[in-house]
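Report on one structure; see the data block that follows.
The values are calculated or read from the model by the stated rules, or taken from the named source; none is laboratory data. Everything numeric in this text was worked out from a predicted model, so none of it was measured. Quick reminder, even Gly has a Cβ in these numbers, built from the backbone with ideal geometry, and neighbours come from all protein chains shown.
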Amino acid sequence: MVQPTPYFHVPLNLSHAGRVARRILLLLEEPVPGEGPDAGEAHRIAGEIVTLLAPCMDSDDNPPGPAAAILRSRAAVLGRKLVDHVEHGGLGDDRLGQCVRNFFECLELGLEGASISLRAGENPQSFQRPV
């Protein structure tokens, strides 16, 4: 029997997702020449997520109704692209993976976050992971 993947269920919190995205941006740092295209794209996408969620961080709240769902979907699409570049560029590490998991948790996508964070470098044995 396959065990379900444990994950944290967090209510939608776009302002905190924006703050986590800001941490991701800082962890990725500015790419250096010769680092490869994935580093630059990952950094650019992280910046795009921060910009997308900035109004939520400013108001410290989710937008009302359907606007929150649309924003969440856009942020999730960008988050998946970010992880693709992190994985392909070999940029991941445990802290970055933890932030990716937290980001998806804040989007109410905890199950996806628990698996996609491993692609971003989170240690599967990390004490920060849900059990």
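The table below lists the values:
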{"read-out": "Filter result (under 12 Å from Asn102 (Cα atoms) and not in a helix (DSSP H, G or I)) within the range 12-55", "value": "Leu12, Asn13"}
{"read-out": "Matching residues in the range 117-130 - criterion: being surrounded by fewer than 24 Cβ atoms within 10 Å (Cβ to Cβ) and either out of contact with any Pro (no Cβ under 6 Å at 6 or more places or on another chain) or under 19 Å from Ala42 (Cβ atoms) (or both)", "value": "Leu118, Arg119, Gly121, Asn123, Pro124, Gln125, Ser126, Phe127, Gln128, Arg129"}
{"read-out": "Single condition Ile45 does not satisfy, out of (1) at pLDDT 95 or above; (2) out of contact with any His (no Cβ under 9 Å at 6 or more places or on another chain); (3) among the aliphatic types (A, V, I, L, M)", "value": "(2)"}
{"read-out": "Selection status of Leu26, modelled with pLDDT of 95 or more and surrounded by 16 or more Cβ atoms within 10 Å (Cβ to Cβ)", "value": "no"}
{"read-out": "Restricting the range 58-107 to residues that are in a helix (DSSP H, G or I) and of a type in the set (S, T, N, Q), the residue that is nearest to Val10 (Cα to Cα)", "value": "Asn102"}
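Residue by residue, here is whether (1) surrounded by 18 or more Cβ atoms within 10 Å (Cβ to Cβ); (2) within 16 Å of Gly113 (Cα to Cα); (3) among the basic types (Lys, Arg) holds:
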site: Pro31; (1), (2), (3): yes, no, no
site: Glu41; (1), (2), (3): yes, no, no
site: Ile45; (1), (2), (3): yes, no, no
site: Leu53; (1), (2), (3): yes, no, no
site: Pro64; (1), (2), (3): no, no, no
site: Arg72; (1), (2), (3): yes, yes, yes
site: Ala76; (1), (2), (3): yes, yes, no
site: Val83; (1), (2), (3): yes, yes, no
